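The values are calculated or read from the model by the stated rules, or taken from the named source; none is laboratory data. What you see is a predicted model; the values in this text were computed from it and never measured. Neighbour counts run over all protein chains shown; Cβ positions are idealised from the backbone, glycine included. The area values use the complete protein model at the heavy-atom level, side chains included, leaving out ligands, DNA and RNA. Shrake-Rupley method; radii C 1.70, N 1.55, O 1.52, S 1.80 Å.
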Amino acid sequence: MGSLRKSSFLIFHDPDAPTETKTLDPRNVAEIEAAHEAGKKERVDALIADFFKKQDRSLVYLAAEDPDAAKKRLKELEDSYEGQVLRWIVQSVQDLSDEDGALLNFFRSNRKMSDSGAPDRRTFARNVQEIVTSKAKLPSTQYTPQRSLQGTVRFNSDGFVVNETPKYSKWDSEEEKHVDLTEGQVVRSQGPALWVKVADGAWEKDGDWGGCLRVTCATAKNYWIAARDG
């Protein structure tokens, strides 16, 4: 709108607004969470593969030229000492408590997390923790209001309202360019959704507005709109 909430606000009509709060089916929630938990192992396996690809860049080129050879080489690396260390890190991170600093204490209390390969291992451990502690993303039940120009009115600081009018333009054949329409031209072409006057109203200390609005347009003249608690 280009104006602050304490000096202006909107009223709009949304015919698709729900009449009841939307909730998720518990069975669907359980299925989504189960699938998320099952996918954690695949994500950890992919993390291990990425760790070795960064350590051995030839794996990337080998995967493009000979996928079977690349899988064999990756299996060798996963069975190596470093691969065993990574699996140990995965298990250790899974066993950590939810207390703040648990991962940092794990780094400090284990020599494998402080030797020459420690920086990469610590990064790996943090990524594993992110996977282990991640929660399933459930579908949003939050209603997102939808409004149109025709169904929206804006309350100005002087107490009257007009449609919110974004800029429109038309092609001017004489100037050979698009020319913006004035707000009045747009309003006249669309027609106001509602004209009202603030008969009694004020802004509260918390920023909410309360009061009474009297309709002034001919279609519903002298009707009132009451608002409480903002």
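So, with a 1.4 angstrom probe, what is the percent of accessible area on the range 51-132 that is carbon and sulfur?
Details: 2530 of 5500 Å².
Exposed carbon and sulfur together represent 46 percent of the surface.
Strictly over 31 Å apart at the Cα level, which of 40/71; 72/135; 72/112; 177/197 would you flag in this model? Present the calculation step by step, with values, prior to reporting the outcome.
Working: 40/71 21 Å; 72/135 33 Å; 72/112 26 Å; 177/197 39 Å.
Check vs 31 Å cut-off fails for 72/135; 177/197.
Placing R0 at 25 angstrom, the Cβ-Cβ distance between residue 61 and residue 94 gives a FRET efficiency of 0.15 after rounding to 0.05.
The residues of the range 1-118 present an accessible area of 73 Å² per residue when probed at 1.4 Å with all protein chains retained.
List the relative contact order of the range 33-128 as a percent without decimals, with contacts defined as Cα pairs under 8 Å and 6+ residues apart. Write out the running numbers ahead of the final one.
On the way: 41 pairs, mean separation 24.0, N = 96.
Averaging sequence separation for qualifying contacts and normalising by length gives 25 percent for the range 33-128.
Under a cut-off of 15 Å between alpha-carbon atoms, report the aspartates and glutamates in cross-link reach of residue 54, not counting same-chain residues fewer than 8 places apart. Result set, ordered by chain and number: 45, 78, 82, 120.
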